[in-house]
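What follows is calculated from the coordinates using simple rules that are stated; it is not laboratory data. Fair warning: this is a prediction, and the values are worked out from it, not measured in the lab. Heads up, the Cβs are rebuilt from the backbone with ideal geometry, glycines too, and the neighbour counts pull from every protein chain shown.
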Ligand SMILES: [Zn+2]
Ligand SMILES: [Zn+2]
Ligand SMILES: [Zn+2]
């Protein structure tokens, strides 16, 4: 099955790499302090001058960054990278061990983007993301993704009249093709959204149930049966 989120995420990861290269090009391929280039043996890095809370690194305007060589960059920050106070801003599934953690260099498949007011955004693995943010966010997300994958591939899905259905945590989910997409029905209540793929509709159902929204919704509609929405 084509994995939409994977495709979208892959785009994001490339976007980050391309973004950094574009910035370096915009600065003429040289450190803005000492003017050294890669040809001169300089390792060029992007330094972010300002910090925007909650923004993914590739969403920053170009003007927020400047190109520095590793030496000038170290002078700018002092040499010690902060080990706490990092903020999670995005993630990526590379579909295989195609990346390296920018903190510990371990080969990684799941990339987490983190940022800090006093350092550059980094792309790191699950353990380093947990360490730097002081949370279990990355490892919890990984567990959630694993459960979602198992749900999507579950052999409990049955097919009838072109629709797929499953019972998940006492809620009956039905996904049916309609013209121009797929429609979701849960406990016989029709959803209003049209989804582009089977997977998008099923993922929405999974999220709805996992977040507890489904329980709250069906409790409410049981109390007010005349007005289900
Ligand atoms: Zn320099
Ligand atoms: Zn910097
Ligand atoms: Zn790491």
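Computed over the chain with a Gaussian network model linking Cα atoms closer than 10 Å, the most mobile of 125, 41, 99 is 41.
What is the helix-to-structure angle for 213-223, meaning the angle in degrees between its Cα long axis and the longest Cα principal axis of the chain, kept from 0 to 90 and rounded to the nearest 10? So the helix axis and the longest Cα principal axis differ by about 30 degrees.
Taking the mean number of other Cβ atoms within 10 Å as a proxy for protection, how do you rank 58-67, 155-164, 206-215, 140-149 from highest to lowest?
58-67, 206-215, 140-149, 155-164
Its Cα gyration tensor gives region 4-146 an equivalent ellipsoid. The semi-axes, each the square root of 5 times an eigenvalue, are 27, 17, 14 Å from largest down.
When only Cα pairs under 8 Å and 6 or more residues apart are kept, what is the percent relative contact order across region 111-229?
Relative CO of region 111-229 lands at 12 percent.
Once you've got the GNM for the chain with C-alpha springs shorter than 10 Å, pick whichever of 45, 168, 12 has the biggest mean-square fluctuation. Comparing 45, 168, 12 in a Gaussian network model of the chain, the most mobile one is 168. Give the angle, between 0 and 90 degrees and rounded to the nearest 10, that separates the Cα long axis of helix 137-153 from the longest principal axis of the Cα atoms of the chain. With rounding to tens, the tilt is 40 degrees. Estimated purely from DSSP H runs of n ≥ 4, each contributing -39500 (n - 2.57), the mean residue ellipticity at 222 nm for the chain is -11000 deg cm²/dmol once divided by its residues. Comparing 200, 42, 138 in a Gaussian network model of the chain where C-alpha atoms under 10 Å apart are linked, the largest mean-square fluctuation is found at 42.
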